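In what follows, a single structure is set out as structure tokens and then discussed.
Please treat every number below as a calculation from the coordinates, not as lab data. Just so you know, these numbers come straight off a predicted model, no measurement behind them. So basically every Cβ, Gly included, is an ideal-geometry build from the backbone, and we count neighbours across all protein chains shown.
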Amino acid sequence: MLTDWELERYRRQIALFGEEAQERLANARVVIVGAGGLGCPVALYLAAAGIGEVRLVDGDVVDRTNLNRQVLHTDRDIGRAKVESAAGKLRAQNPEITVVATRATLDEENAALLAGGADLLVDATDNFGVRYILNRVALGARVPLIHGAVRGFDGQATMIIPGRTACLECIFPVAPPREDVIPVVGTTPGIIGLVQANEAIKYITGTGDLLTNRLLVWDGRAATMTTLPVERQEDCKACGSGRC
Amino acid sequence: MQVRVRAFARLREAIGGDLTLEVPEGATMSRLLAAVGETSEQAGEALFEESGEIRGYVILMHNGRRVRRAEAGTLTLADGDEVALFPPVAGG
Ligand SMILES: [Zn+2]
């Protein structure tokens, strides 16, 4: 049952999808991997929407060069762990939810533990090495994963439902090359992060058509958003017959 | 015959937008990709490795369907087809 406080706080969205959907949000546990350009807007909007437990995983500390896009961190946070900096803002935004900050870089060893118990995983990471690990963890635990990535004015997002939709390796069997410094304007992860948060809310509340088997592509220069169809690959190395 | 090319992300910057290319009747996907690469130095770099092979991470689509790299040499195009080329981004 929702409290009077909750009924008031979430009134505008309860008007949209009802009290039961709001209860589902309150009972959900979402693990966001990455507290940077994507992780900040994802976490902020999921906290505001009343997700019961938001877990942040990131091993980095805040750097001055992060501040053009990582909007939960401020000048004063430089040198602090990103997860601590972000968690403080989220608790201030919504004191009724649980925010768990885990300072760790996701790797093959700790991935299953860090993602354990999640109803939903959000890929807010900045490289494909970690993304492939996260994809395999999601497939193994059969937990949906919402992918997002950005560069410059360009971004992409998709939702992966293990066993039902194309997985990350079906869509991207070969990782794009690593860059030391990835140019980006803050609005790009803002837009893609909110697409991811929107999918999370839709998935948990059972609203609308999910961004599954479609890759959403944002072109900020042209101000256009397109979706490209994607599909499961039978020989996928992560979810198909090519599994290893 | 004419084939429409929709390019995304860095490739779009390199090409400057969508393209309609004139290619010989019965041209393959590989032939079209070579023609796209020839439109500018940046387009060539965005699409091809130094070895001349198509960059493995670029997503190739033909009339809304994914095309594997291995199929590019044999897939023949028809007049009015649409090819989409998407080099994924990786930052966060
Ligand atoms: Zn797969």
Trypsin sites (Lys or Arg not before Pro) restricted to DSSP loop in region A:118-188 with at most 16 other C-beta within 10 Å: A:Arg142, A:Arg164, A:Arg178
DSSP beta bridges in chain A [antiparallel fraction, %, rounded to 5]: 50
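Could you give the dipole magnitude of chain B about its Cα centre, charging the beta-carbon of Lys and Arg +1 and that of Asp and Glu -1, in debye to the nearest 20?
Numbers: 10 positive and 14 negative charges, 89 e Å.
Dipole about the Cα centre, nearest 20: 420 debye.
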Per-residue ³J(HN,Hα) for region A:196-203, Karplus 6.51 cos²θ - 1.76 cosθ + 1.60, θ = phi - 60°, Hz, x for Gly and Pro: 5, 4, 4, 5, 4, 5, 4, 4
Sequence-distant residues sharing a close amide H with A:Val184 (under 5 Å, placed H): A:Gly152
Karplus 3J(HN,Hα) series, Hz, for region B:42-59 with 6.51 cos²θ - 1.76 cosθ + 1.60 (x for Gly, Pro): 5, 5, x, 5, 5, 9, 10, 5, 4, 5, x, 7, 5, 4, x, 8, 6, 7
Using θ = phi - 60° and Karplus 6.51 cos²θ - 1.76 cosθ + 1.60, couplings along region A:43-49 (whole Hz; Gly, Pro as x): 5, 4, 6, 6, 5, 4, 6
Label-to-label distance, nm, for residues given as B:Ser30 and B:Glu82 (7 Å Cα→Cβ offset): 2.7
Rg [Å, one decimal], Dmax [Å, integer] - the protein assembly as shown, C-alpha atoms: 20.9, 70
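How big, on average over all directions, is the shadow cast by the Cα convex hull of region A:79-196, in nm²? Present the calculation step by step, with values, prior to reporting the outcome.
Numbers: hull surface 33.4 nm².
Averaged projected area of region A:79-196's Cα convex hull equals 8.4 nm².
Quick check: convex hull over the Cα atoms of region B:1-65, volume per residue in Å³, rounded to an integer? Before the final figure, lay out the partial values.
Working: hull volume 5.7 nm³, N = 65.
Taking only Cα atoms, region B:1-65 has a hull volume of 87 Å³ per residue.
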